[in-house]
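Everything on this sheet refers to the single structure shown next.
Where a number appears in this text, it was derived from the coordinates with a stated rule and is not lab data. Computed from a prediction, not measured in an experiment: that's the story for all the values here. So basically every Cβ, Gly included, is an ideal-geometry build from the backbone, and we count neighbours across all protein chains shown.
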Amino acid sequence: MRKSFLAVFSVLLLFTTAILLEAQSPNAADQDFTSVKVMASGAVVGSAHLVRNDKGITCVIQTSGLVPGDVYSVWWVIPNEALIFNATGGIAGGDGTGNFAGHASVGPVGPVDGSVVLSNGDGLFDSPRSDTITVIIRHHGPAIPGIIDQQKGSFNTGCGTGGCKNVQKATFTP
C-alpha cells in the first residue's frame, strides 16, 4: 500500500512540476487585459486584450461610443522604444461600436513618413514583453468612397474640416 501511494504521489509530483515548468516557458504568451477609455473624460467604453510573446504583440479591442459609420484608425504608441505607428483601422458599426485587431511583429519598423509611421525610435521593435503599450483610437470622420483604406491606415487622411482627433485609448503595462 505504501509503495503504491509513493508511486502515485511521485507521478503527481512529476506532472505538477511539468505543468509549472511549461507555464514558465519563455515561449509562453503573456495575456493582458485593460479598459478602453474616452481620452477627454476617462469614461470606460470598452475592453482590450493584448497578447505578448517573444515574436510580437497582438491586440483585440471592443469599444463603443463611436460615431456610427465613421472611420477610425488605431495606433501603437510604445514610449519605451519611441515608436508610434499604425496598428489597424475600421468603420464603426451602426450602433457606434467598434471591433479592431492589430499585430506588430518584432523587427524593423518602417521609416518615418508622417502618415503610417510617426516615430520609429532606433528603427526596431524588439521588447514586446517589457514595453508599455498604448493603443490610440483616432477618429477620421465620415467614410469617403475611394479613400477608406487610406483613412483607416494613415494619421490624417480624410479628416474633414474638424480635423482628425484621438478619442479613446487603452494602456497595457508589463
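For this structure, a couple of remarks:
- N86 vs. criteria among the polar types (S, T, N, Q) and under 19 Å from D30 (Cα atoms): no
- Hits in region 86-108 (condition: buried (at least 21 other Cβ atoms within 10 Å of the Cβ) and out of contact with any Cys (no Cβ under 9 Å at 6 or more places or on another chain)): N86, G89, A92, G98
- Selection count where residues are part of a loop (DSSP other than H, G, I, E, B) and either exposed (fewer than 15 other Cβ atoms within 10 Å of the Cβ) or at negative phi (or both), scope region 25-77: 17
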